[in-house]
Amino acid sequence: MFTVKTKTLCVMGIILLAALAAVSLFVGKYPLSIKELLSGNELQRRVFWTLRASRTYVGAIGGFALGTAGFVYQTVFRNPLAAPDVIGVSSGASAGAAAGILFLSEAGAVTVSSFAGALLAVVVVLGLSALDRSGKSNTIVLAGIAVHALAQTILMCLKLTADPERQLASIEYWIMGSLNGINSYSIGGNILLCLLCLGILFPLHRQIILLSGEEGESRMLGVNVGSLRLFVLLTATLAVSSVVSLTGLISFIGLLAPHGARLLTKDNRQGTMLLSGLLGGSLLIGADILARSVAASELPVSIFTSLLGAPFLILLIYRSAKKL
Amino acid sequence: MSFFTATNISAGYDGKPIVERLSFFVDDGCLFGILGANGSGKTTLLKAVCGILPHAGSCVLEGEMLEKMSPRKLSRCCSYIPQRSGISIDISVLDVVLMGFNPWLGLLEHPSAAMKEEGHRALGLVGLEGKEENNYLTLSEGQKQLCILARTLCGKAKLLLLDEPESALDFRFRFRMLEILQIWLSDSGKAALVTLHDPYLALNYCDRLLLLSEGKILGTICPKTDSLDQMEKLLDQIYGKISLSRLTDRSGREHIVMLKE
């Protein structure tokens with residue numbers, strides 16, 4: 001289901017992602033050179049494999065997952081503004097991370113607690129929406145808003161009790177998102193889970209499109225709307241949670257990447273879903289490169305996803321408006 | 001035993017019944033029209049029959065209860081065309097038509113080349129050839145209805161439920177739509193339930209008509225055999241004072257026309 005144009009765009013997307021990934025491998029505080037790496041400098045190799053490589057592929061896969069999940073949310077909710085926030089994932093993850101920062105001290109605890117927070121939020125949202133037997137997608141959005149508000153309240157309470165010098169600062173920093181601190185020891189399970197979810201979502205593309213119709217209409221086309229929607233949303237959300245619990249909140253990619261892809265291809269085929277992922281990955285890696293190179297200290301990555309993303313979106317809107 | 005039988009169908013929204021205890025039957029090959037004023041329960045009845053709305057009573061198609069079928073089997077037997085399709089994303093016309101094959105495809109399967117071929121043919125039948133790659137959302141409302149009709153024909157259902165399929169169509173395509181349905185019905189083992197606004201179309205194309213008023217059945221008429229007086233009496237109750245007459249066009253075909261007095 002790829003048109004020639006979409007194929008070209010996807011190839012360009014892959015090249016862009018690969019180029020940015022290559023740059024990302026060699027940008028950072030500790031300068032690396034290909035020559036030194038090849039000559040077997042032990043320190044250089046360690047930095048390359050444990051820090052740069054893992055950071056780069058978390059950026060690529062994470063951005064890819066956020067972009068793809070955004071595509072899924074927008075299609076299934078039939079709402080161009082739908083994003084992981086809609087069903088409370090992000091705020092659940094934030095509250096979980098804050099709890100982890102306050103009450104746990106083991107390494108990697110924040111990843112686990114934010115993942116648990118995100119998952120809890122999603123389970124509550126989908127559980128609440130299952131109470132409404134008519135199973136409208138609006139119910140999920142409403143339940144999501146309620147859980148989002150609740151998680152925000154919990155987050156505020158946690159912030160109030162936090163020690164303002166250290167804990168509060170790390171909560172705020174987490175919420176702004178960063179790929180800093182990612183190394184080959186901390187990512188294992190999350191990335192596997194994320195790849196697994198993506199591997200499930202892509203073959204289901206035709207079903208995801210069928211979910212974009214009206215409830216009754218989809219059902220009469222033989223779609224088991226209730227359980228399929230639940231499954232697809234849960235899978236997309238797991239992918240997002242597994243990324244966000246590693247990196248902290250990353251704004252805008254889930255919203256921007258799918259819109260960018262659709263403005264380029266003008267359809268919703270599987271190729272467009274792939275392109276959403278590629279744009280998401282490129283955006284996150286691009287933002288991360290800037291986050292660690294423009295200032296002496298690392299900056300939160302969300303600043304740059306918005307900074308890069310907003311003009312890109314405006315450019316695409318301008319371009320498609322001009323064509324009319 | 002008739003092809004399709006509905007017994008004591010009651011349905012409504014939020015506990016308020018819109019249609020109450022409706023019973024009727026439809027024969028094999030019948031184009032069965034449902035006439036009624038706005039709000040008389042036509043759409044509710046169709047939605048109840050295909051199980052989108054919870055309802056009391058039962059629908060039996062060829063001896064099998066629709067209510068007891070699995071969703072997948074139901075979607076193979078019975079196809080529903082809403083007044084407006086809810087498709088709201090950019091998608092090609094052909095892809096919309098291919099959705100009709102979903103009841104016959106596995107979860108991860110894609111439509112085969114033969115199915116695509118059939119999709120093209122269905123689009124040709126409804127007069128949308130050459131528009132396969134167009135964006136569905138850029139079609140006119142009438143073309144959208146034709147596209148959805150093509151999708152329905154691909155689904156191979158035995159019972160079609162069409163909710164005002166002619167509402168957005170121009171003069172020419174209103175007849176074309178009903179002619180397509182008549183051709184489709186000419187194979188055995190099929191029937192269609194159609195709600196219509198236009199009494200002319202109902203009286204001239206349908207085999208039987210069910211007249212609804214405020215959720216109850218006023219009566220049924222067979223336009224081909226019933227006398228004009230009989231039909232007038234029933235139609236008066238929906239439309240106010242009307243008169244029917246038979247006219248012959250230049251080709252010698254007889255039409256029934258309805259005039260408001």
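The values are calculated or read from the model by the stated rules, or taken from the named source; none is laboratory data. From a predicted model like this one, the values you see are computed outputs, not experimental measurements. So basically every Cβ, Gly included, is an ideal-geometry build from the backbone, and we count neighbours across all protein chains shown. Remember, those area values only see protein heavy atoms, side chains included, never the ligands or the DNA or RNA. Shrake-Rupley method; radii C 1.70, N 1.55, O 1.52, S 1.80 Å.
Assorted remarks:
- Residues of region B:178-196 satisfying the condition of being out of contact with any strand residue (DSSP E or B) (no Cβ under 9 Å at 6 or more places or on another chain) and buried (at least 19 other Cβ atoms within 10 Å of the Cβ): B:I180
- First in region A:90-111 and under 21 Å from A:P164 (Cβ atoms) and among the aromatic types (F, W, Y), second anywhere and modelled with pLDDT under 85 and in a helix (DSSP H, G or I), Cβ under 9 Å, 6 or more apart: A:F103/A:A109
- Residue match in region A:248-259 (condition: assigned to a helix (DSSP H, G or I), more than 14 Å from the chain's Cα centre (by Cα) and at pLDDT 85 or above): yes
- Listed by first and then second residue, the pairs with beta-carbon distance under 6 Å, at least 6 apart or on different chains, first residue in region B:34-62 and away from chain A (no Cβ under 14 Å), second buried (at least 22 other Cβ atoms within 10 Å of the Cβ) and basic (K, R), are B:I34/B:K42; B:G36/B:K42.
- For region B:1-60, a residue qualifies if it is more than 18 Å from B:L159 (Cα to Cα), β-branched (V, I, T) and open to solvent by 30 Å² or more (accessible area, probe 1.4 Å), and exactly one does: B:I18.
- Failed item in (1) within 14 Å of another protein chain (Cβ to nearest Cβ); (2) modelled with pLDDT of 90 or more, with A:L283 passing the rest: (1)
- Every residue from region A:189-223 that is more than 7 Å from chain B (Cβ to nearest Cβ), in contact with a helix residue (DSSP H, G or I) (Cβ under 7 Å, 6 or more places away or on another chain) and free of Cβ contacts under 8 Å to residues at least 24 places away in the same chain: A:S218
- Qualifying residue in region B:201-209 (condition: part of a strand (DSSP E or B) and either over 13 Å from the mean Cα position of the chain (by Cα) or touching a residue at least 24 places away in the same chain (Cβ under 8 Å) (or both)): yes
- Being open to solvent by 80 Å² or more (accessible area, probe 1.4 Å) and among the hydroxyl-bearing types (S, T, Y) is a property that holds for A:S39.
- Look at region A:267-283: where a residue is within 21 Å of B:E132 (Cα to Cα) and a partner is among the β-branched types (V, I, T) and surrounded by fewer than 24 Cβ atoms within 10 Å (Cβ to Cβ), sitting 6+ places away or on another chain with Cβ atoms under 6 Å, you get A:N268/B:I89; A:N268/B:I91; A:G271/A:T6; A:T272/A:T265.
- The single residue among A:L315, A:L307, A:L274 that is touching a Cys at 6+ places or on another chain (Cβ under 9 Å) and open to solvent by 10 Å² or more (accessible area, probe 1.4 Å) turns out to be A:L274.
- Subset of region B:77-90 (residues that are within 7 Å of chain A (Cβ to nearest Cβ) and either outside any loop (DSSP other than H, G, I, E, B) or among the small types (G, A, S) (or both)): B:S79, B:Y80, B:S85, B:G86, B:S88
- Note on region A:209-223: residues that are assigned to a loop (DSSP other than H, G, I, E, B) and hydroxyl-bearing (S, T, Y) amount to 1.
- Options B:V93, B:V126; residue that is within 14 Å of chain A (Cβ to nearest Cβ), surrounded by 17 or more Cβ atoms within 10 Å (Cβ to Cβ) and touching a residue at least 12 places away in the same chain (Cβ under 8 Å): B:V93
- Residue in region B:109-119 that is surrounded by 22 or more Cβ atoms within 10 Å (Cβ to Cβ), within 14 Å of chain A (Cβ to nearest Cβ) and free of Cβ contacts under 8 Å to residues at least 60 places away in the same chain present: yes
- Annotation: of all residues in region A:142-193 being of a type in the set (G, A, S) and open to solvent by less than 30 Å² (accessible area, probe 1.4 Å), the one that is nearest to A:I250 (Cα to Cα) is A:G177.
- The test for being touching a Gly at 6+ places or on another chain (Cβ under 8 Å), open to solvent by 30 Å² or more (accessible area, probe 1.4 Å), of a type outside the set (V, I, T) and assigned to a helix (DSSP H, G or I) holds for A:G226.
- In region B:168-195, the residues that are hydroxyl-bearing (S, T, Y) and within 12 Å of the chain's Cα centre (by Cα): B:T195
- Selection within region B:1-30 - out of contact with any His (no Cβ under 7 Å at 6 or more places or on another chain) and of a type in the set (A, V, I, L, M, F, W, C): B:M1, B:F3, B:F4, B:A6, B:I18, B:V19, B:L22, B:F24, B:F25, B:V26, B:C30
- Residue count, region A:194-213 (criterion: buried (at least 18 other Cβ atoms within 10 Å of the Cβ) and within 13 Å of A:I61 (Cα to Cα)): 3
- Region A:1-36, residues that are more than 20 Å from A:S178 (Cβ to Cβ) and open to solvent by 90 Å² or more (accessible area, probe 1.4 Å): A:M1, A:V4, A:K5, A:K7, A:M12, A:I14, A:I15, A:P31, A:I34, A:K35
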